[in-house]
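Only one structure is covered here, and it is reproduced in the block below.
Any read-out appearing in this document is the output of simple, stated calculations on the displayed coordinates, not a laboratory observation. Quick caveat, the model's predicted, so the values are computed rather than measured. Heads up, the Cβs are rebuilt from the backbone with ideal geometry, glycines too, and the neighbour counts pull from every protein chain shown.
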Amino acid sequence: MNLKLKYLTLIFVSISLFACTEILSEKSTQKKPDNLMIFVAPNGSDSAKGDLASPFATLPQAVTQSRKLRKSGYSKPITIYLREGTHQLTETLVLGLQDGRKNALTPQGNNKYGAGTAPAIPHLTIAAYPGENIVVSGGYSIKSWALASSNLTGLSDNAKGKVWVADMPDNIDTFNTLYNSKGMLNRARGQGFLPSKPGDKKTLHFPKGSLKNWKNVKDIEINIRPSKAWIINMLPLESVDEELGIAKTSVSATYNMSKLPPWVHGTKFATVWVENSLEALDQPGEWVVNTLTRKIYLWPSNPDQNGKPQKIIAPTTSELIRVEGKINYNKKTDIPVRGIAISGITFSHADRWAWKYEEKRLGWGLQHDWDMFDRPTAILRFRGAEDCEVSDNTFIHSGGSGIRFDLHAQRNKITNNELSYLGEAGILMVGYGAGTKDVNHHNDITNNHIHNFSQITWHSPGIWAWQSGHNRIANNYIHHSGYAAVLISNRIEPDRSLNGEGGRTLRRDEIPQSIVDSTKETYESWKVREQYNHSRHNLLEYNEITHSVQKLSDGNAIYISGAGTGNIVRYNYIHDNLEHSFPAAIRCDDDQHETTMHGNVLYNNYGFSAGIASKGVNDITNNFILGSLTAPKWGYISFEWVNVANSKVQNNIIISHPDGGNAHGERPIARTEDGDPLLVETNMEVNLYYHPTNPNWVDQHLVKLRAVDKEKNSLFSDPLFIDPANGNFGFKEGSPAIALGIEALDVSKMGRLTKTE
C-alpha cells in the first residue's frame, strides 16, 4: 500500500469513527447518527480526539477539527455538540466560506415573503448537547479583589469601606459593561443635569460642578438625550473646562447638545448623565474602570461571606461569533456562507461597541443613529449568509444587540429564540444603503421572545429591517423596550450630505444625479426613489407588542418610515403600552407610502397622538382601536403632514375614550412639499364608531365626509365585543360589525406560538 492510499484509508477510518458515535445516550450503541459529530466540554482537552468519550476543551478547536475534515474531502453535515457548562470565547470566533456549503440550496417556489418552506439542511451545526445547559460567554473572570483605600480620591463618603479594587486583565484594554452571576451590573452614573445653554454636536455647556477635569477624562462618558425626543447618545469626553462650564466630546452627538423641546415627555428631569467616574460610584452593584491606572472599582451587590466581590466577569469582545462570507462592497455580488445552524445555546457577556472614533461613526448611523451600519454590535453576527438558521437559543445579559444579519442575507431563519436584558437591540436585518444592490431579503424572524432590551441605548428596537425586504416577521412577543418594538425603514434620501445621518451608507454611484437633484418628500418623488429603498414587501403579522416606549418619547410599537412599497402590517396585537411618551401604536412616518395596515387590535394604549398615524398614501383597514387611555390629540387615526389622497380607510372599529377626541385627524404642517392631509380625499367607508355616553360623538365627522360621498355606509353603534378586557374581540350575536362585513379578530393567534402549533 503506497503512502497516499494509507493516508486516505486513515482519514476514512477517522471519519467513520466520528460518524458512528452515539449522541443521544452515552450508553446506547443501537442508533447511528446521519452526520459526523464533534464534542466539546469545559473539562475536555484540545489535544483530545473530540469524540463523546474524549471531547475537546474549546469551540475554536472543534471548528479547526471540522475544517481539517473538510479539507480531507468530507462533504456531509457536521455537528459540533457543546456539553454542559460555560464555554468561554476570549475573541470573536469567525466562521467563513470554508465552514459552509459551497452551493446554494434550491429555493422552494417563488415565495413572496420569508425564507420559504424548503427544509433546512445545515452544513455545520453548533448545538447544545441534548438535555444539557450550555453557556457561551465572552467574559473573563476578574479575581484578586482587595478592599479599596478609604483615602481614594473622588470616592464618596457613603462608598468608603465598601468599594473593592482589582487589576484589569492583561488581555483587555477596556470594556464598557461588567457582569456578575445575576446579570449586567450598573456602571456608576451621576444624578444627572440639564445643559446650561445650547451647544453643538461636540460641545456641552454644563452647570458648575456637574463635570470635572478628571485625570482619566477620556474614560468618562456622558449619556445624553441631545435635543431630540427619539435618541440617546453615549459620548466619550475629550476635555472639560470646569471654570467655563464647557465640555468637549471626542465624537459628535447625533444632534446639538441642548435641552429637549417642551412637548417631550420628561423634559423637567435630567437629560445628561455622567458615567464611569468614581464620584458617581455610590450604590451597591456599581462599578468604574480606569484605563490609565488599569484598575476596576466595584461596590459588590452580591458579595461572598467576607464582603468580597464574587463571580465578576468583564467582556472581551462585542461579538462572540461572526459568520462571514466574501463581501464585495463595491461590486454587485457577494459570496455568502451557506448552511450554518446554531441551536440550543445561551449566549452572554459580549460588550457594547462604543463610539470612540469620529471616522467610524460620522455618516455611518442608521436612521437617527439608532444603530451603526456594518459594525460589530451583536453577540451573533452574520455578514454575508444564506440558508442559515438560529433557533432555540437564549441571548441574555449582554451589552450590545442579540443577532445581526448584515449586507447579504437571504433565506435565513431566526426562530424560537429568547433575547432579553440586552444593552441594545434584539434582531437586526441590515442591508446595503440606498442604491441598486439589493441582497438582504427573504428571511424569517418568527416565534421569538424579545424583552427588556435597549437597557443602555434606549432607542434600540426589538426587531429592525433596514434596507431589508420580503421578510416574514411573525408570531414574535416583544415587550418592555425603551423605544420602538419594530422598525421597518430606510429614511435616507439620495441627497443626504456625506456626514449626515446615514450619508455614507448611500451607494451614490448607483443613483442618477437627476434623481438626487429632484428629491422631495412627495408621493410622486417617492415612487421614483422607491426602487432604491429595499425595505419593501415585508410581512409583519401575528406579533404581540406591549410596554414599549418606556424611556424615550415619540416612539411607536410599530414604525415604518422611508421604506419601499408593499409592506403589510396585519393581525398584530398591540396592547398595554402605558407610558405618556407613547404617541401611536402604528406609525407610517416621513416619506412612507403604499403600506397596508389590516386587522390589528390596538387595545389599552396611551397614544397622545393616535392609534394609527399615517404620513402618506397608505391603507388602513379592519383595525380595532379601543380602550384608549386618553383622548388622542390628533385623532384615533391621524393623517399627518402630507397629501393622503386615495388612502383606503375602511372596515375599522373605533371606540372613543370617555373624553372623546377626533375619530380621524388632519394634521397639516407648513413646510410640506405635497399638500395637506385631507380626510375628504381619502377612500373612507364602512367604518364603525362608538362612544359609551355620547351618541353624537361622530356626527360632525360623518356629515363632513358624507357631503363628499364618503362614509355613506358607516355607523355609530356598539360593536358588541364578547369580552375585550379578557382578550376576546369576537362579536356577540347581533353585532353591527357583522352586518358591515367587518372581520372578527382572534388575538389568541397573535403572539408567540408553542412549538407544537
query: Toward the positive end of the charge dipole of the chain, about the Cα centre and with charges on Cβ (Lys, Arg +1; Asp, Glu -1), which of ILE296, TYR523, SER656 goes farthest?
result: ILE296
query: Any idea what the dipole of region 37-86 comes to, in debye rounded to 20, about its Cα centre with Lys/Arg Cβ at +1 and Asp/Glu Cβ at -1?
result: 320 debye
message: Defining a contact as two alpha carbons under 8 Å apart and six or more residues distant in sequence, what relative contact order in percent does region 683-757 show?
response: 26 percent
- request: State, to one decimal in nm, how far the label point of ASN151 lies from the label point of GLU279, with both points 7 Å from Cα in the Cβ direction.
  value: 2.2 nm
field: Farthest toward positive dipole pole in the chain [+1 Lys/Arg, -1 Asp/Glu at C-beta], among ASN393, ILE232, THR317
entry: THR317
field: Stretch gain in nm, segment SER748-HIS580, where the contour uses 0.36 nm per residue and the Cα spacing is subtracted
entry: 57.8 nm
task: Go through 156-168, 513-525 and give me the packing order, highest mean Cβ count within 10 Å leading.
output: 156-168, 513-525
statement: Counting only DSSP beta bridges with both partners in the chain, the antiparallel fraction in percent, to the nearest 5, comes to 20 percent
- prompt: Going highest first, how would you order 77-89, 486-498, 545-557, 283-295 by mean Cβ packing within 10 Å?
  reply: 545-557, 486-498, 77-89, 283-295
Value of D in µm² per second that Stokes-Einstein yields for the chain, Kirkwood Rh from Cα pairs, at 37 °C (0.692 mPa s): 118 µm²/s
- prompt: Counting only complete DSSP H runs, which helices of the chain cover 15 Å or more along their long axis at the Cα atoms and score a mean Kyte-Doolittle of 0.5 or above?
  reply: 3-19
task: With both partners inside region 340-424, how many of the DSSP beta bridges are antiparallel, as a percent to the nearest 5?
output: 5 percent
- prompt: So, with +1 on the Cβ of K and R and -1 on the Cβ of D and E, and no other charges, what is the size of the charge dipole of region 203-275 about its Cα centre, to the nearest 20 debye?
  reply: 260 debye
- line: region 633-667 scanned against label point 7 Å out from VAL708 along Cα→C-beta; backbone N under 16 Å for 638-650, 663-667
- line: Label model pair ILE121, ALA104: point-to-point distance (7 angstrom along the Cα→beta-carbon line) in nm is 1.6 nm
- prompt: How large is Rg over Rh for region 203-275, taking Rg from the Cα atoms and Rh as the Kirkwood inverse mean of 1/r across Cα pairs?
  reply: 0.96
statement: Rounded to the nearest 0.05, FRET efficiency between SER144 and SER181 (Cβ-Cβ, R0 22 Å) equals 0.75
- request: Could you let me know the centre-to-centre spacing of region 403-477 and region 227-263, using Cα atoms, in angstrom?
  value: 29 Å
- line: hull vol. (C-alpha, convex hull) per residue for region 656-757, Å³ -> 180 Å³
- request: About the Cα centre of the chain, how large is the charge dipole given +1 on each Lys and Arg Cβ and -1 on each Asp and Glu Cβ? Please answer in debye to the nearest 20.
  value: 2220 debye
query: In the structure displayed, which of LYS248/LYS520; LYS76/LYS437; LYS160/LYS202; LYS182/LYS248; LYS162/LYS197; LYS259/LYS633 lie more than 29 Å apart, Cα to Cα?
result: LYS248/LYS520; LYS76/LYS437; LYS160/LYS202; LYS182/LYS248; LYS162/LYS197
task: Please work out the Cα center distance from region 114-146 to region 285-355, rounded to the nearest Å.
output: 14 Å
- prompt: Given a cut-off of under 8 Å on Cα pairs at least six residues apart, what relative contact order in percent is computed for region 203-275?
  reply: 37 percent
field: ASN111-LYS218 FRET efficiency (beta carbon distance; Förster radius 41 Å; 0.05 resolution)
entry: 0.20
- line: Taking the alpha-carbon centre of each part, the distance from region 535-595 to region 615-676 in Å is 14 Å
- prompt: Can you give the FRET efficiency for TYR421 and ASN696, using 1/(1 + (r/R0)^6), R0 = 41 Å, r = Cβ-Cβ distance, to the nearest 0.05?
  reply: 0.25
- prompt: With the contact rule set at Cα under 8 Å and sequence spacing of 6 or more, what percent relative contact order holds for the chain?
  reply: 8 percent
- prompt: By per-residue mean of other Cβ atoms within 10 Å, what is the highest-first order of 442-455, 42-55?
  reply: 442-455, 42-55
statement: Between the modelled labels at ASP509 and ALA270 (7 Å from Cα along Cα→Cβ) the distance in nm is 4.9 nm
- prompt: Among VAL617, ILE574, ALA57, whose Cα sits farthest toward the positive end of the charge dipole of the chain (+1 at Cβ of Lys/Arg, -1 at Cβ of Asp/Glu, about the Cα centre)?
  reply: ALA57
